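Here's the structure, in structure tokens; my notes come after.
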Amino acid sequence: MPGHQPGLPWRAGDLGPVVAALDRLVAVGTPCPVPDLPTAREALAGELPEPALDLLDGDSLVHLDLRADNLLLTPAGAVLVDWPHACRGPAWLDLLTLLAEVDRLGEEGLAERVLTTSALTRDVEADVLTTVLDGFRAFFLHRAAQPVPPGLPTLREFQRVQGEALARWVARRRAPAR
């Protein structure tokens, strides 16, 4: 398929088509058209803490591993590729997890702007989104402390960096407004 991955750092021009693709995915993927997929809660059980797992109810088709290297930008729009973690969950989950990468590797404030303006997330309680982000923070930092798996020498460093970035974003979201 002709196309290219979004550039890093993330820019609004590349993120816009991805958000539009996620809007389309929710429109055609709710209720989830793929029978027998696990729920997000089932897929992430033992990985995320209970407070985050408790917020993952939903019946939308979820990619669950969105980041720049699982996306292609084409003339027709963004295409989501590499679906081994597909599950059923809340319509906003893919956007939230993608924005974790955007917050770490994007224009300053871009992730938060999209989070508060996207139709997928703008009406979701801020504390719900922050609790799920904090759950992923705990997951990444826990995983980063595990032994390096054979053949994946950079995985634990990636997880540490992602966990620390999520910790900073969660702290900013929980800080009192000035």
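The values are calculated or read from the model by the stated rules, or taken from the named source; none is laboratory data. These figures come from a predicted structure and were not determined experimentally. As a convention, Cβ positions derive from the backbone with ideal geometry for all residues, glycine included, and neighbour counts pool all protein chains shown. All accessible areas refer to the heavy atoms of the entire protein, side chains included, with ligands and DNA or RNA removed. Shrake-Rupley method; radii C 1.70, N 1.55, O 1.52, S 1.80 Å.
Listed values, structure above:
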item: Selected residue (criterion: most open to solvent (accessible area, probe 1.4 Å)) from residues of the stretch 7-26 that are farther than 13 Å from Ala111 by Cβ, in contact (Cβ under 8 Å) with a residue 60 or more places away in the chain and within 15 Å of the chain's Cα centre (by Cα); result: Asp23
item: Residue match in the stretch 50-64 (condition: touching a helix residue (DSSP H, G or I) at 6+ places or on another chain (Cβ under 6 Å) and of a type in the set (Ser, Thr, Tyr)); result: yes
item: Matching residues in the stretch 44-60 - criterion: being touching a residue at least 12 places away in the same chain (Cβ under 8 Å), outside any loop (DSSP other than H, G, I, E, B) and open to solvent by 30 Å² or more (accessible area, probe 1.4 Å); result: Pro51
item: Selected residue (only one of Leu166, Leu133 is without any contact (Cβ under 8 Å) to a residue 60 or more places away in the chain and either open to solvent by less than 30 Å² (accessible area, probe 1.4 Å) or closer than 15 Å to Ala40 by Cβ (or both)); result: Leu133
item: The stretch 98-115 - residue that is open to solvent by less than 30 Å² (accessible area, probe 1.4 Å) and of a type outside the set (A, V, I, L, M, F, W, C) and, of those, farthest from Phe136 (Cα to Cα); result: Gly106
item: Criterion violated by Ala119 - all others in (1) modelled with pLDDT under 95; (2) under 16 Å from the mean Cα position of the chain (by Cα); (3) among the small types (Gly, Ala, Ser) satisfied; result: (1)
item: Of all residues making up the stretch 27-43, the number that are among the β-branched types (Val, Ile, Thr), surrounded by 13 or more Cβ atoms within 10 Å (Cβ to Cβ) and over 23 Å from Phe139 (Cβ atoms); result: 1
item: So Val124, is it surrounded by 23 or more Cβ atoms within 10 Å (Cβ to Cβ) and either of a type in the set (A, V, I, L, M, F, W, C) or free of Cβ contacts under 8 Å to residues at least 40 places away in the same chain (or both); result: no
